[in-house]
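Structure first, commentary second.
The values are calculated or read from the model by the stated rules, or taken from the named source; none is laboratory data. No experiment lies behind these values; they were computed from the predicted model shown. Neighbour counts run over all protein chains shown; Cβ positions are idealised from the backbone, glycine included. Remember, those area values only see protein heavy atoms, side chains included, never the ligands or the DNA or RNA. Shrake-Rupley method; radii C 1.70, N 1.55, O 1.52, S 1.80 Å.
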Amino acid sequence: MNPMRHEPIIAPAQVGGAIRPARADDLDALVEVGRRSWLSAFAQTAPFALISWWVREDRTRRLYEQCWAEMHVLEEDGVIIGLVQPQIDEINGLWVHPQSQAAGAGTRLLRHGEALIRRGGHQIAWLTCSGFNGAALAFYARRGYQETQRVRTLHPCGVEIEDIRMERLIL
């Protein structure tokens, strides 16, 4: 390749599909999306002790068994490619399968969650994001979220973690 020649940038195809409330029979697909997304977000940045704890505890399955009914999914061609979990005025979770990232799925899910929060009478949506997940922090900042707080705690696995609270006005 000639370094002086500029290759065209080919943007990923925009994601289609429909967003709908999750169903009980979606649980296995939700867990798959959650696991793969979490690993793609944290495998290169989080300490190994945190990752091994997460795997050992099967955190995603345990959480999703309890709260799948709060989730909305983005389904494309019969396959769940992402999920959002709005709770009152919080985006409690947003995950997109790595193969569908950078194509608009995350933005669609985030805006859907914000619309549900707005319908609930709230003017501000908030979320927390791990300091180990720089890509997500940048994603939310590009979509108008502003950092409002940082909290450091000692995780049960012995690793110090930092959670960053971000907010966005959604009038």
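Filter the range 146-171 down to the residues that are within 26 Å of LEU39 (Cβ to Cβ) and of a type in the set (A, V, I, L, M), then identify the one that is most open to solvent (accessible area, probe 1.4 Å). Filtering the range 146-171 for residues that are within 26 Å of LEU39 (Cβ to Cβ) and of a type in the set (A, V, I, L, M), the one most open to solvent (accessible area, probe 1.4 Å) comes out as LEU154. Among the residues making up the range 115-145, a single one is open to solvent by 60 Å² or more (accessible area, probe 1.4 Å), more than 14 Å from the chain's Cα centre (by Cα) and under 25 Å from SER40 (Cβ atoms): ARG142.
Candidates are the residues of the range 35-51 that are in a helix (DSSP H, G or I) and more than 18 Å from LEU63 (Cβ to Cβ); the one that is least open to solvent (accessible area, probe 1.4 Å) is ALA49. Scanning the range 121-171 for residues that are farther than 30 Å from ASP58 by Cβ and among the basic types (Lys, Arg) yields ARG142, ARG143, ARG168. Between VAL31, VAL79, the distinction of being in contact with a Lys or Arg (Cβ under 8 Å, 6 or more places away or on another chain) and on the phi < 0 side of the Ramachandran plot belongs to VAL31 only. Restricting attention to the range 132-171, the residues that are in contact with a helix residue (DSSP H, G or I) (Cβ under 8 Å, 6 or more places away or on another chain), under 26 Å from ARG111 (Cβ atoms) and small (Gly, Ala, Ser) add up to 2.
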